[in-house]
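Chemist: Input: one structure, supplied below.
Every number here is computed from the coordinates shown, using simple stated rules; none is lab data. Predicted model, so just to flag it, every value in this text is computed and none were measured. All Cβ positions, glycine included, derive from the backbone under ideal geometry; neighbour counts span all protein chains shown.
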Amino acid sequence: MSSPQHTNTPAQKHSSTRTLQHTTALQRGNEERFVTEKIHVSTTINGEAVEFLCDARQSLLELLRDGLSLTGCKEGCNNGNCGACTVMMNHLPVNSCCVLAVEAEDAEIETVEGIAAQGQLHPVQQCFLQGAALQCGICTPGFIVTVKALLEQNPHPTEQEIRFALAGNLCRCTGYDKIIRSVQAAAEILQEAKS
Amino acid sequence: MSNVIVQPSSTRPRKYNVIGTRPVRHDGVDKVTGKAIYAADLSLPNMAQGAYLRSPHAHARIISIDTSQAEAMPGVLAVATSADLPDPWDKTEELGEGCINYAHLSGNVLARKKALYRGHAVAAVAATDIHTAQQAARQIKVEYEVLPAVTWVLDAMEEDAPLLHDNLFTQTLGEKPTKPSNIGQHIHFEQGDIEQGFAEADVVIEREYRTETVHQGYIEPHASVALWNEDGRLKIWTATQGSFTVRQQLAELLKIPVSKITVVPCEIGGGFGGKIAVYEPPVAAVLSRKCGRPVKLAMRRDEVFEGTGPTPGSFMRVKMGATKEGRLTAAKAWLAYDAGAFPGGMIGPGSMCVFSCYDIPNATVDGYDVVLNKPKTQAYRAPGATQAALATETVIDEIAVELGIDPVDFRLQNAAKEGTRRVDGPTYPRIGLVETLQALKESEHWNSPLEGPNRGRGVACGFWFNAGLKSSAAANVNDDGTVTLVEGSPDIGGTRTSLAMQLAETLGIAAEEVHPQVVDTDSVGYTDVTGGSRVTFSTGLAAHKAALDIQDQMIKRAAELWECQPDDIQVDAGTYGYNDHKQTFKELAVELSSTGEAIVGRAAVNPQGSTNAFSANIVDVEVDPETGKVKILRFTTAQDAGKAIHPSYVEGQMQGGSVQGIGWALNEEYFYDDRGAMKNASFLDYRMPTSYDVPMIETIIVEVPNPDHPFGVRGVGEVSIVPPPAAITNAIHQATGLRMHHLPISPPRLHQAIAERNGQ
Ligand code: FES
Ligand code: FES
């Protein structure tokens, strides 16, 4: 099978080598080494200017959830393997557990909380509901963000392209069938809205 | 032709207004917008964060635990070890999907005297933040005497195996053992004359199987917030399949009355049987009592793999015989399942399920529950049945091939039906296995050819009991004519809606006019776990009865209003009528709300009726002979749902279970090193199926109504996981000519088998 053309691949969710080294060190249990002096960060989250103080060792996921009470992104693994923590960073989906909070400096972050606009669900959210694409729902925010990113980059994905783009998001409940169909339905609606 | 509903001609389907439709689930918007609150999302004022210390050894005596250094760290608020838990009772209780012994549970929650598996919780810390808690946990000094470990079930059964418990004596109907061993229980069932049965057979096949340990794999790690107040009241917000069973377990483990405990079930991020027994709630509770603050204790993913679940690895030997006409005459099974570190695994249901799809006049089953140095096993979707079905369904396939009979026809010929006696005793009521196999046989998938090299098609079927158990519900009629449904079944997969729909159908209103709420243990009557595929069946029955209670009250009140006798009032599809009076439920409810007391329906049920479920699969695979990788080309699952209340969520259960079964068949396993350490405790290395690994899962919902439920519901949650590993194994045989006997059939395992067969 030829490789899909768009850039939203699971592999690219790991944002940088610096991040990877950081998590490896964390996993070795060496976080005592990290300086605990607070660092000031200015960023944009869901269109609003936000400032926060964080530790160098804190991940963006931890900061969003525990620091800013944006608990829509979930922690399934904390090491880049499940996609439950997916957020958009500068218009690309990232696993926020593998991004340092300090990397949010000057970045544009979009979380699942920012996807419905003014009381209106996004078509991807609407299609997930209509297509019964969730059971327990813990994976859903990560999927919604990843799918929205996919359809922005590739408005007409084939089934295989959808499956490839979502391969970094684990769902244990649905078997993916209804998720894929809901993505196809959302692609159609978005297309109709455009034309 | 991918999702169909089949109503066999032998049944007469009823017409419904709400049931069978596909409304948007009531909690849906919260879940697609990130607003739904899961346990780990919760934050209380002044909340502390907890972290565990776990055993690095698979088997070790705990000589001493020194917590002083950890306690001295700034920010540390409390440290807990098993010394903080009261001495447990030696008492066993049924919790809906298996039994729990409280002495074992207490020892599993925090190790006493010995650590019995790597990852066994030894101590926990509460601190002002998570990083301090984790650092402090590492400062707890534990002195261990490392003991030899055993992680393979047959090794653990040997006379000279390292002994986990010196007070474990095999429970058996035979002679009581005088020496302790790792065998917790020996189960034996028999019917007919096994010797005679095999003598009558023209074909006899006997095979041995091995399956590796797998995990339920829910994406949400276990998490709880506990607040044990100075007035002695304990409140727990947690991720659980059963809030009342958590309350019960906490009362027993902490030795406080249930009336002092409130359990709030948060949204739950998957369970599959693995979130019934408690792990962190009592530990968070003890930490909270010690530090006087709410404490959150959430696991990391590696802790989930090493310290919770999994479901048993197994060794099985199955022998079956049939006449050349294709009639099964005898069957014999010998099953040994991992129990994990404490006795009481899944061998009970495994032994009862092994031949449950068939009418077999002569059979024996021996099952062994074996403790070894792995986490205490827990239920995983139809617990024990999937392993057993692998053995039976692949032997059945081999016999069918040997006899030259179509594998679906062979199963149909021997399928269990109403009146068939199961080997473990019960006689089947009306069940739908024959109809399910028939639907499979008539499916487009079965009737379309599979062509191409290295490809094969397999079939298999599976059984699950399904449970009834206790459920309660209350329903309040609001003054706008809508109804609030109050219930206690944690909603893992859309059950708020399947319950609301049954209430709505009964009252003649729309699903959207019901507002279902899952509430805490103070706010609704006792309700058993979300497990055993029971919620839509049993809590659904409670919702139906609460609706009937409302209807009775509405009739009485309408009779007062219209000055007639209650018996004079006709109720038809939600319309109440007498003479010229004719009002919908809604109109009447609005009127009644201004003319008297509120209308509140209630019901508590404990149905005993059978709801047995059957599932059958067709799977097409393609094997890459170079790598041993198996690709699933096409997959169809047929299942008797009795009646599908919300077909989309029934399909979802069928599809989700199928893909879990595919993972179990092809990839998922715990890798242990020779010291009993799990080497792949992450989602990267414990390889669950991704969207890229599977095709669409085609479903056939078969509806053979359950006579013991007003709408015919059978449970649908579990049975779908049972047939896939066997069906895939049979398909791989057709593709390669190889009979595989070891799950998972991972690329290295299949590659090796192909190489050996080719003489390399
Ligand atoms: S929590 Fe970030 S990928 Fe799993
Ligand atoms: S809906 Fe439960 S993990 Fe996806």
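Chemist: Using 0.36 nm per residue of separation minus the Cα-Cα distance, give me the extension gain between B:Ala598 and B:Thr584 in nm, one decimal.
Modeler: Gain on extension, B:Ala598 to B:Thr584, equals 3.3 nm.
Chemist: Right, another one. So if we plug the beta-carbon distance of A:Glu188 and A:Leu68 into 1/(1 + (r/R0)^6) with R0 = 35 Å, what FRET efficiency do we get, rounded to 0.05?
Modeler: The calculated FRET efficiency here is 0.50.
Chemist: In whole percent, what relative contact order does the range A:123-194 give with Cα contacts below 8 Å and a gap of six or more residues?
Modeler: 52 percent
Chemist: Place a point 7 Å from Cα of B:Lys179 in the direction of its Cβ. Which residues in the range B:140-162 have their backbone N less than 16 Å from it?
Modeler: Flagged as within label range: B:155-162.
Chemist: When only C-alpha pairs under 8 Å and at least 6 residues apart count, what is the relative contact order of chain B, in percent?
Modeler: That works out to 16 percent.
Chemist: Exactly which GluC sites (Glu not before Pro) in the range B:288-339 are in a DSSP loop and have at most 13 other Cβ atoms within 10 Å?
Modeler: B:Glu325
Chemist: What pairs from B:Lys179/B:Lys374; B:Lys91/B:Lys319; B:Lys113/B:Lys679; A:Lys148/B:Lys235 go past 30 Å between their alpha carbons?
Modeler: On the way: B:Lys179/B:Lys374 22 Å; B:Lys91/B:Lys319 37 Å; B:Lys113/B:Lys679 25 Å; A:Lys148/B:Lys235 39 Å.
Exceeds cut-off: B:Lys91/B:Lys319; A:Lys148/B:Lys235.
Chemist: Ok, one more. List residues of the range A:44-88, by number, whose backbone nitrogen lies under 18 Å from a label position 7 Å along Cα→C-beta of A:Asp106.
Modeler: Inside the label zone: A:44-45, A:49-52.
Chemist: Grab the Cα-Cα distance for B:Thr323 and B:Asp409, subtract it from 0.36 nm times how many residues apart they are, and report the gain in nm with one decimal. Walk me through the numbers before you get to the answer.
Modeler: Details: separation 86, 0.36 × 86 = 30.96 nm, distance 1.45 nm.
Fully extending the segment from B:Thr323 to B:Asp409 adds 29.5 nm.
Chemist: Something else: Whole Å is fine, so just give me how far the alpha carbon centre of the range B:308-337 lies from that of the range B:142-208.
Modeler: Centre-to-centre (Cα) distance: 15 Å.
Chemist: Nearest 5 is fine: what % of DSSP beta bridges in the protein assembly as shown come out antiparallel, could you say? Mind dumping the intermediate values first?
Modeler: Working: 114 of 153 bridges.
Approximately 75 percent, going by the DSSP bridge assignments.
Chemist: Between A:Ala49 and B:Tyr692, what is the label-point separation in nm under the 7 Å Cα-to-beta-carbon projection?
Modeler: 4.1 nm
Chemist: Between B:Thr575 and B:Asp202, what length in nm is gained on full extension when 0.36 nm per residue of separation is reduced by their alpha carbon distance?
Modeler: Difference between extended and current length: 127.9 nm.
Chemist: Okay, moving on. What value does the range B:468-605 have for Rg/Rh, both radii from Cα atoms and Rh as Kirkwood defines it?
Modeler: 1.01
Chemist: What order do you get for B:Leu541, B:Leu250 when you list them from fewest to most C-beta neighbours inside 10 Å?
Modeler: Working: B:Leu541 26, B:Leu250 23.
Going from sparsest to densest Cβ surroundings: B:Leu250, B:Leu541.
Chemist: Rounded to the nearest 500, what is the 222 nm mean residue ellipticity of chain B from helices alone, with -39500 (n - 2.57) per DSSP H run of 4+ residues and division by all residues?
Modeler: Mean residue ellipticity at 222 nm (helix-derived): -8000 deg cm²/dmol.
Chemist: Can you compute the label reach from B:Asp166? Point 7 Å from Cα along the Cβ direction, backbone N cut-off under 16 Å, restricted to the range B:333-354.
Modeler: No residue passes the distance filter.
Chemist: Residues with beta-carbon under 11 Å from that of B:Glu267, excluding B:Glu267: net charge, scoring Lys, Arg +1 and Asp, Glu -1?
Modeler: Value of the local net charge: -1.
Chemist: What Rg and what Dmax come out for the protein assembly as shown when only alpha-carbon atoms are used, in angstroms?
Modeler: Expressed in Å, the Cα Rg and Dmax of the protein assembly as shown come to 27.8, 91.
Chemist: Once the other residues with Cβ under 11 Å from the Cβ of B:Ser2 are scored (Lys, Arg +1; Asp, Glu -1), what is the net sum?
Modeler: Within the 11 Å Cβ shell, the charges total -2.
Chemist: What percent does the relative contact order of the range A:70-154 come to when contacts are Cα pairs within less than 8 Å and at least six residues apart?
Modeler: Relative contact order here is 36 percent.
Chemist: Set the Förster distance to 22 Å, then compute FRET efficiency between B:Phe671 and B:Thr627 from the Cβ-Cβ distance, nearest 0.05. Please list the in-between numbers first.
Modeler: Working: r = 19 Å, r/R0 = 0.87.
The formula returns an efficiency of 0.70 here.
Chemist: Also: Set the Förster radius R0 to 56 Å, insert the Cβ-Cβ distance between B:Cys564 and B:Asn447 as r into 1/(1 + (r/R0)^6), and round the FRET efficiency to 0.05.
Modeler: 0.40
Chemist: Right, next: Could you put B:Asp580, B:Asp673 in order, starting from the residue whose Cβ has the fewest other Cβ atoms within 10 Å?
Modeler: Exposure proxy ranking, most exposed first: B:Asp580, B:Asp673.
Chemist: Using alpha-carbon positions, what is the distance between the centroids of the range B:386-403 and the range B:78-113, in Å?
Modeler: So the two Cα centres are separated by 40 Å.
Chemist: Let me ask something else. Give the distance, in whole Å, between the Cα centre of the range A:106-161 and the Cα centre of the range B:667-746.
Modeler: 28 Å
Chemist: Next up: Please compute, for peptide B:265-272, the average count of beta-carbon atoms on other protein chains lying within 10 Å of each residue's beta-carbon.
Modeler: Mean shielding by partner chains, rounded to a whole number: 4.
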